[in-house]
Amino acid sequence: MDSFPTLRLLVCDDHPVVRAGIAALLDTADGFEVVGQAASGEQILRLVQDVPADLVLMDLQLGNSPETLQGAEATARIRSQPGAPHVLVLTNYDTDADILAAIEAGASGYLLKDSSPDDLLMAIRKAAAGESALAPTVTSRLMERVRMPVTKLSPRELDVLHQVAMGHSNAAIARELFLSETTVKSHLVHVFDKLDVRSRTEAVARALEIGIIR
């Protein structure tokens with residue numbers, strides 16, 4: 001039987017019970033040692049500085065406050081450091097936007113929390129070696145994304161689209177975003193063109209489908 005070197009792991013998840021369960025699973029598996037746990041993006045950044053590790057298991061959503069450092073940004077900051085550990089995202093979220101944000105931030109893998117323990121351990125091994133470790137559903141989503149044209153909305157176009165998704169009129173959007181109604185209409189024309197749709201309803205449905213809004 002092949003033997004593997006023990007991997008030193010950090011676990012970042014804002015739910016204490018989930019975090020404890022993941023740590024317990026890893027600590028009882030042969031060849032894995034959890035050397036630190038964090039409940040926030042800020043905590044995991046400090047841990048990475050203080051505790052040598054081979055890999056960080058990173059949740060994506062780490063609280064609801066606008067000021068909260070979320071998993072993708074924490075991943076990018078970790079991976080920007082010299083000699084940084086690899087990062088494997090372990091999350092409940094599988095929209096295109098979440099997946100792309102994590103991969104672009106430098107995550108070696110992306111796994112969903114409903115994965116089996118065996119799949120998790122295998123993914124950790126691969127990600128810690130710098131190999132790609134993607135859940136099958138994530139791989140298929142990425143392939144679909146590659147096959148479709150890239151849709152790039154500007155930040156202001158996204159703001160307008162989010163307002164449309166909430167059912168707001170052009171006048172209400174103009175007041176909320178401190179724009180003129182003419183500017184709102186101009187942004188919507190660009191949104192419709194980029195999403196290849198003809199109505200507000202189609203625009204929202206398309207944006208939800210490809211994961212640029214939730």
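With a 10 Å cut-off between alpha carbons and a GNM built on the chain, which of LEU179, LEU62, LEU100 moves the most?
Result for the chain, Cα springs under 10 Å: LEU179 fluctuates most.
Mind giving me the FRET efficiency for ARG198 and SER65? R0 is 35 Å, r the Cβ-Cβ distance, nearest 0.05 is fine.
It comes out at approximately 0.40.
Mean-square fluctuation check for the chain, GNM, Cα pairs under 10 Å: which of ASN170, ASN92, ASN64 is largest?
In this elastic network of the chain, the residue with the biggest mean-square fluctuation among ASN170, ASN92, ASN64 is ASN64.
To the nearest 0.05, what FRET efficiency results for SER132 and ALA205 with a Förster distance of 25 Å applied to their C-beta separation?
0.20
Between THR6 and ASP27, what is the label-to-label distance in nm when each label sits 7 Å out along the Cα-to-Cβ direction?
Going from the THR6 label point to the ASP27 one covers 1.3 nm.
Given the options LEU177, LEU111, LEU47, which has the most mean-square fluctuation in a GNM of the chain, springs set between C-alpha atoms less than 10 angstrom apart?
LEU177
With an 8 Å cut-off on Cα pairs and a minimum separation of 6 or more residues, tell me the relative contact order of the range 155-210 in percent.
It rounds to 34 percent for the range 155-210.
Give the shape of the range 1-53 as rounded, prolate or oblate, defined through the alpha-carbon gyration tensor: a ≥ b ≥ c are the square roots of its eigenvalues, a/c under 1.5 means rounded, and otherwise the shape is prolate if a/b is larger than b/c and oblate if not.
Verdict is oblate for the range 1-53.
For the chain, with only Lys/Arg (+1) and Asp/Glu (-1) charged at the beta-carbon, what is the dipole magnitude about the Cα centre, in debye rounded to 20?
700
Only Cα pairs under 8 Å and at least 6 apart count here; give the relative contact order of the range 7-146 as a rounded whole percent.
The value is 20 percent.
Given H placed on each backbone N at 1.01 Å, which residues far from VAL11 in sequence or on other chains put an amide H within less than 5 Å of it?
Close amide H contacts, sequence-distant or interchain: GLY36, GLN37, ALA38, LEU57.
In the chain, what is the count of Lys pairs whose alpha carbons are under 24 Å apart, counting only pairs at least 8 residues apart or on separate chains?
4
Since every read-out is calculated from the coordinates, none of them should be taken as a lab result. It should be emphasised that the depicted structure is a prediction, and the values quoted were computed from it without experimental measurement. Cβ atoms come from the backbone with ideal geometry, glycine included; neighbour counts cover every protein chain shown.
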